[in-house]
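Chemist: The following block contains the structure, expressed as structure tokens.
Computed from the coordinates by the stated procedures, all read-outs in this text should not be read as laboratory data. Quick caveat: nothing in here was measured; it's all calculated off a predicted structure. Note that each Cβ is placed from the backbone with ideal geometry, even for glycine, and that neighbours are counted across all protein chains shown.
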Amino acid sequence: MKQTSLCIALGLALALLAPMAAQAKTVKVSMTAKEVETPIDNKGTMYRSWTFDGMVPGPVVHVEEGDIVEFTLYNDKSSKNSHSMDFHAARVDVVKDFEQVKPGEKGSYTFRADYPGIFYYHCGADPMIQHIARGMYGAIIVEPKDKKAMPKADREYVLIQSELYQNPDNQAEMMDNKWTNILFNGGIFKYDPVHDPAATRMLQAKPGERVRIHFINAGANEFASFHAIAGIWDRVYPSGNPKNQLHGLQSYVVGPGDASSFDIISPVEGANALVTHSMRQALTGGIAILQFTNDADPKMGRGENILVR
């Protein structure tokens, strides 16, 4: 009798686990390392960048908690350098899986996205500081399996802070932290027409909407004190994990190579300025305007416009 009951209980447990296992899916992700010229300001000043898919930042990767990610990195044959991929959302072998890929070759590895949140990815080839400084970074968002774990965001934006070094071939300059500007998503005052009239882009939302800013500090050296001028962070999720939840913060520090998700809601029309509150950082490029207006573009903060190019 006891054996029968045990078998029934075991069968029920397996039946409950089976749908969960079936929900896990395999996501194939591939990128190509390309060394190209990219604009670093609103006037079109070009900079020799090392990139993923020819963009700074690289493409946003979007998966769900529990997904199996099959990643392949191609290094364009025209590249002068070897490159690699370090996903902060992965738990793998740093030696085997994050190895450098030579020009004209490819490398691949597989990992399971075990933890939900916003994670940094970047090139890990040596010297790593140079590859990051030249633009090889991006974001991977791992959505929680429990859709009720966080309040639903009406709009989402990815914002990645980095430092501009005029001569990234000079490793000593980078080690001495001699940057000239702070970039948001690869540009100086990219979303700030207040400090740069040439800026044509802003982040948009309607009053009352919950806006979630997925903020990554690509570094390579500086800490960021992320603040919304004329606003308060309703909730902050360190690493974007719904289990890590803080409320009503004025600023939150995000270290190099780290990330957090920030929720903000404005009760009125008007603008918030999203800044890194080190004034040297803000006033050299680290400001983005979030405009709350009833006429907000319905496409902004959704789909392909999560990271505004």
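Chemist: Would you mind working out the magnitude of the charge dipole of the chain relative to its Cα centre, with +1 at each Lys and Arg C-beta and -1 at each Asp and Glu C-beta, to the nearest 20 Debye?
Modeler: 640 debye
Chemist: Under the rule of -39500 (n - 2.57) per DSSP H run of 4 or more residues, summed and divided by the residues of the chain, what mean residue ellipticity at 222 nm is obtained, to the nearest 500 deg cm²/dmol?
Modeler: Result for the chain, helices only: -3500 deg cm²/dmol.
Chemist: What does the extension gain come out to for residue 99 and residue 230, with contour length at 0.36 nm per residue minus their alpha carbon separation?
Modeler: That pair, residue 99 and residue 230, stretches by 42.7 nm at full extension.
Chemist: Continuing with this model, one more query. Which residue, 204, 161, 245, tops the fluctuation ranking in a GNM of the chain built on C-alpha contacts under 10 Å?
Modeler: Of 204, 161, 245, the Gaussian network model singles out 245 as fluctuating most.
Chemist: So what's the net charge close to residue 79: Lys and Arg +1, Asp and Glu -1, counting the other residues with Cβ under 9 Å from its Cβ?
Modeler: Residues close to residue 79 contribute a combined charge of +2.
Chemist: Need the C-alpha centroid separation for segment 61-100 versus segment 106-123, integer Å.
Modeler: Result: 7 Å between the Cα centres.
Chemist: Run the quick spin-label model on residue 111 and residue 293: label points 7 Å from Cα toward the beta carbon, then report their separation in nm to one decimal.
Modeler: 4.0 nm
Chemist: Moving on. Going by how many other Cβ atoms sit within 10 Å of their own, how do 302, 201, 155 line up, fewest first?
Modeler: 302, 201, 155
Chemist: Based only on Cα atoms, what Rg/Rh ratio does segment 155-305 have, Rh being taken as Kirkwood's radius?
Modeler: 0.97
Chemist: Set Lys and Arg Cβ to +1 and Asp and Glu Cβ to -1, take the dipole of the chain about its Cα centre, and tell me which of 75, 262, 142 lies farthest positive.
Modeler: Among 75, 262, 142, the one farthest towards the positive end of the dipole of the chain is 142.
Chemist: By per-residue mean of other Cβ atoms within 10 Å, what is the highest-first order of 105-114, 225-234, 285-294?
Modeler: Put in order of decreasing packing, that is 285-294, 225-234, 105-114.
Chemist: Beta carbons within 10 angstrom, averaged per residue: use that to sort the peptides 168-179, 25-36, highest first.
Modeler: 25-36, 168-179
Chemist: Now for a different question. Excluding same-chain residues fewer than 8 positions from residue 243, which lysines have a Cα within less than 26 Å of its Cα?
Modeler: Cα-Cα hits under 26 Å: 25, 145, 147, 148, 152.
Chemist: Going highest first, how would you order 50-57, 189-196 by mean Cβ packing within 10 Å?
Modeler: Ranking, from highest mean packing down: 50-57, 189-196.
Chemist: If each of residue 250 and residue 27 carries a label point 7 Å out from its Cα toward its Cβ, how far apart are those two points in nm?
Modeler: 3.7 nm
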